[in-house]
Amino acid sequence: MIAVISGDLIKSQKIPQQEYDAMLYQLDQSLRFVAKRFNASFTIYRGDALQIQLTEPELVCHAAILLYLQMKAANYELRQSLAIGSLDNPRADIKTATGSAYTLSGRGLDNMSQQRLVLNIENNTLEEAFALNIALVEVLLEKMSQKQANALFYYLTAENNSHAELAKELNTSRENVTKLLNLAHYQLIERFINYSQTTLKGLL
């Protein structure tokens, strides 16, 4: 079993032409970070669309949240369709890979409307509690400001994520870091990441 994330930028057609290269660079750098952290593969296609393949499927929600935060911190909104399933035809270029994980992820993206995150698992109906948690986290992510997303991204990825250390990294006061993280509901997001990993590990 593997996990696949298919996604695209929301309202990318409204990005001015002179800013488009900066957007692509940010997307590429964010994907490289996620790929390195989770030992994943990725591809960018159609300019604003992406796919990520993870060999540890229980980490898929964690990876999707970090990617969302990094892009939001740069003022870009992502929608992501997460799926866990089989890999039938592995390829070096994941654009041409096949399997139920890719099918479910692509189909999920096609069916998304206003959502930012959806998860589908092969031969498994998502428990209502898990689906509800995803929906609530989605609301928290969507309402986050750029600065809140940036602070939360650093909190979730720093080796030393004490508020004092983050303040040095972000060139601000410890009080401001605490305020930004509280507004981002950082403890709830962190609890969800841990919950998703435990729950998915139990399902797979």
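Observations, loosely collected:
- From the options L31, L27, L54, residue that is buried (at least 19 other Cβ atoms within 10 Å of the Cβ), at pLDDT below 95, aliphatic (A, V, I, L, M) and out of contact with any Ser or Thr (no Cβ under 7 Å at 6 or more places or on another chain): L27
- Looking only at the range 112-121, and only at residues there that are farther than 12 Å from V4 by Cα and in contact (Cβ under 8 Å) with a residue 12 or more places away in the chain, the one that is surrounded by the most Cβ atoms within 10 Å (Cβ to Cβ): L117
- Residue in the range 110-125 that is assigned to a helix (DSSP H, G or I) and either out of contact with any helix residue (DSSP H, G or I) (no Cβ under 8 Å at 6 or more places or on another chain) or closer than 23 Å to A22 by Cα (or both) present: yes
- A single entry from L140, L166, L156, L152 fulfils the requirement of being surrounded by 21 or more Cβ atoms within 10 Å (Cβ to Cβ), among the aliphatic types (A, V, I, L, M) and within 17 Å of L67 (Cβ to Cβ): L152.
- From the options E142, E138, E190, E122, residue that is charged (D, E, K, R) and over 17 Å from the mean Cα position of the chain (by Cα): E122
- Look at (1) modelled with pLDDT under 95; (2) closer than 30 Å to S105 by Cα; (3) not aliphatic (A, V, I, L, M) and you find that S196 fails only one, number (1).
- Residue that is nearest to H185 (Cα to Cα), among those in the range 64-75 that are touching a Leu at 6+ places or on another chain (Cβ under 6 Å) and in contact (Cβ under 8 Å) with a residue 60 or more places away in the chain: L69
- Only residues that are surrounded by 15 or more Cβ atoms within 10 Å (Cβ to Cβ), among the polar types (S, T, N, Q) and part of a helix (DSSP H, G or I) were counted across the range 172-204, and they come to 5.
- From Y45, Y76, residue being surrounded by fewer than 18 Cβ atoms within 10 Å (Cβ to Cβ) and either more than 23 Å from L203 (Cβ to Cβ) or among the acidic types (D, E) (or both): Y45
- For A101, the requirement of being surrounded by 21 or more Cβ atoms within 10 Å (Cβ to Cβ), closer than 27 Å to L126 by Cβ and either within 14 Å of the chain's Cα centre (by Cα) or not small (G, A, S) (or both) is not met.
The values are calculated or read from the model by the stated rules, or taken from the named source; none is laboratory data. Fair warning: this is a prediction, and the values are worked out from it, not measured in the lab. Cβ sites come from the backbone with ideal geometry, for glycine too, and all protein chains shown count toward neighbours.
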